[in-house]
Amino acid sequence: MSQSTPTCLTAFHGEALLARGSWIDVALAVHSAVGHDPDIEVLTFDDATGQIIDLDVRGSAQDVAERYAAMVAIPQVSAPSSVSGERSRGRPKLGVVAREVTLLPRHWEWLAAQPGGASQTLRRLVETARRNDEGQGEARAGRDRAYRFMATMAGNWAGFEEATRALFKGDRDQLHATTATWPIDVQQYIGRLAWGNAPDETEV
């Protein structure tokens with residue numbers, strides 16, 4: 001299954017899943033849980049990074065909703081166009097963003113000698129690298145996400161070191177075997193972070 005970048009939060013009450021969803025939904029769920037039991041221990045994780053998130057759930061439910069309302073909006077990317085909507089003259093706008101690139105003098109000399117100049121050559125190199133990556137970059141990011149969560153949640157659990165080795169080898173079967181005694185919610189979340197699937201017991 002192809003991997004997609006997670007965009008929501010996941011909260012755990014102890015070792016059990018408490019809530020998963022948008023920032024505002026999870027914040028409200030945590031607020032409700034804390035309201036019922038002020039001493040409850042909740043850990044919330046950013047699905048995009050696997051890192052722990054410190055939610056501010058002070059005040060009323062409305063306060064929390066207003067605090068995280070801005071996190072609901074998803075930025076929309078549209079094709080560049082002129083204000084009037086008509087095609088402007090000159091070269092088409094391709095969404096090019098100018099940023100600083102630091103290279104050694106010999107690199108600049110080589111780029112300057114390439115057909116199309118430095119910018120076109122750099123774009124070609126980047127596109128070639130992306131095609132040759134074959135998903136390795138995203139796979140590495142997924143393993144890093146899962147490891148951050150595992151280190152926080154299960155760093156002292158039996159089998160952690162073996163599970164870590166299996167994770168970074170990309171060995172799903174071994175990872176499942178070494179985490180078989182871990183709570184199922186934790187197992188499934190590791191699979192979601194590592195491989196971006198909708199995991200069950202057999203996919204962790």
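Within the span defined as segment 35-42, one or more residues are open to solvent by less than 50 Å² (accessible area, probe 1.4 Å) and at pLDDT 55 or above. Residue count for segment 10-25 satisfying the condition of being open to solvent by 30 Å² or more (accessible area, probe 1.4 Å) and at positive phi: 1. Within segment 41-51, the set of residues being of a type in the set (A, V, I, L, M) and in contact with a strand residue (DSSP E or B) (Cβ under 6 Å, 6 or more places away or on another chain) comprises V42, L43. Hey, can you tell me all the residues within segment 167-186 that are in a helix (DSSP H, G or I) and either among the basic types (K, R) or open to solvent by less than 10 Å² (accessible area, probe 1.4 Å) (or both)? The answer is L167, K169, R172, L175, V186.
Does D185 satisfy the criteria of being at pLDDT 95 or above and within 21 Å of the chain's Cα centre (by Cα)? So that I can check it myself, show each step before the final result.
Working: at pLDDT 95 or above: yes; within 21 Å of the chain's Cα centre (by Cα): yes.
Here the answer is yes, as D185 does meet what is asked.
For segment 7-36, a tally of residues being out of contact with any Cys (no Cβ under 9 Å at 6 or more places or on another chain) and either among the aliphatic types (A, V, I, L, M) or over 19 Å from D63 (Cβ atoms) (or both) returns 20.
The values are calculated or read from the model by the stated rules, or taken from the named source; none is laboratory data. Given the structure is predicted, the values throughout are model-derived calculations rather than measurements. Please note: Cβ atoms are built from the backbone with ideal geometry, for glycine as well, and neighbour counts cover all protein chains shown. What goes into the accessible areas is simple: the full protein's heavy atoms, side chains included, and nothing from ligands, DNA or RNA. Shrake-Rupley method; radii C 1.70, N 1.55, O 1.52, S 1.80 Å.
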